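A quick write-up on the structure given underneath.
Rule-based calculations on the coordinates, nothing more; no lab input. Remember, predicted model here, so these are calculated numbers, not experimental data. Glycine also receives a Cβ, built like all others from the backbone with ideal geometry; neighbour counts cover every protein chain displayed.
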Amino acid sequence: MLIENFERFVFEKYRDNNEFANFLIENLDFDVELERENEFLVSKREVQELENDDVLDYLEEINLYEPLTEEEYQNLSNEIEEEEVREKLLIDNFNEVARIALYFVREGVEYLELIQEGIMGAVEAINRYTYDNGDIKKYIRIWAARQMGIYTEERFEQIRQEFLFYFTKTHMDEVEITNEDKEKKIKIIENLSIDDVLFTLSYDEIKAMEYYFGLGYDKRYSVLEIEKEMGLEKNKGEELFTKALAKISSRDGRMFSL
């Protein structure tokens, strides 16, 4: 299921953890595709330079952990009741959560906050996992993505309601707009949906980030290797990566404009 559809699916039908867990038991072939249907719905906001190093520091830090082998996964999944085992599984999925967040992050939603939500979803998955749930990596990925989708929808609805409250409860002489303009803005807000909120990163920007930090790959790629893999001109790889990192490090993105 594509990201946009998955966000609506879990928000509208499976916000309850137990109901979602039962759904996954009954649909073992269900998965989330890290693809978006509407690639044109991507922010064109220009960020001149990296505003802070928090995102960079985090992505560098989680790369210090040695990944588990398939054999280790098999052994650990049989001992998942132990707290130490659960912690190892969670840490091993930090990179995957960071990767998923690249696809889900939208304007007005901070990347690191989205990661924290994804980690909460991963914890829920690990705590619930049994042999009947099938592949543990996929199970964790789905729960992490679900938590991100729900958080994004809730964030959107919160901001939308704040705008509605502001325009319905504020006297017009305080905001210096006419009643007609006020009604127009209220109508716009009422008709907004999550589909009106732009994604932060383009597909190419996501791929550059994945290659550079080795998210979803067994190694990290140099800028030259990224340019080769993506068929980019010389120096375009660094430019693409730098722009992507700056965009998800910025805290200025508005969810929507009126």
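Observations on the model:
- Separation in nanometres of the label points that stand 7 Å from Cα toward Cβ, at E72 and R220: 1.8 nm
- When the helices of the chain are scored as -39500 (n - 2.57) per DSSP H run of n ≥ 4 and the total is divided over every residue, the value at 222 nm lands at -19500 deg cm²/dmol.
- Checking (1) 20.0; (2) 18.0; (3) 19.4 against the coordinates, the calculated Kirkwood radius over Cα pairs in Å falls under label (1).
- Theoretical FRET efficiency, 1/(1+(r/R0)^6), r = Cβ-Cβ of T168 and K44, R0 35 Å, to 0.05: 0.65
- With a simple spin-label model that places each label point 7 Å from the Cα along the Cα-to-Cβ direction, the separation between N18 and N179 comes to 5.1 nm.
- Length gained when the stretch I91-K228 is fully extended (0.36 nm per residue, less Cα-Cα span): 46.2 nm
- Maximal additional length on extending the Q158-E113 stretch stands at 14.7 nm, based on 0.36 nm per residue less the C-alpha distance.
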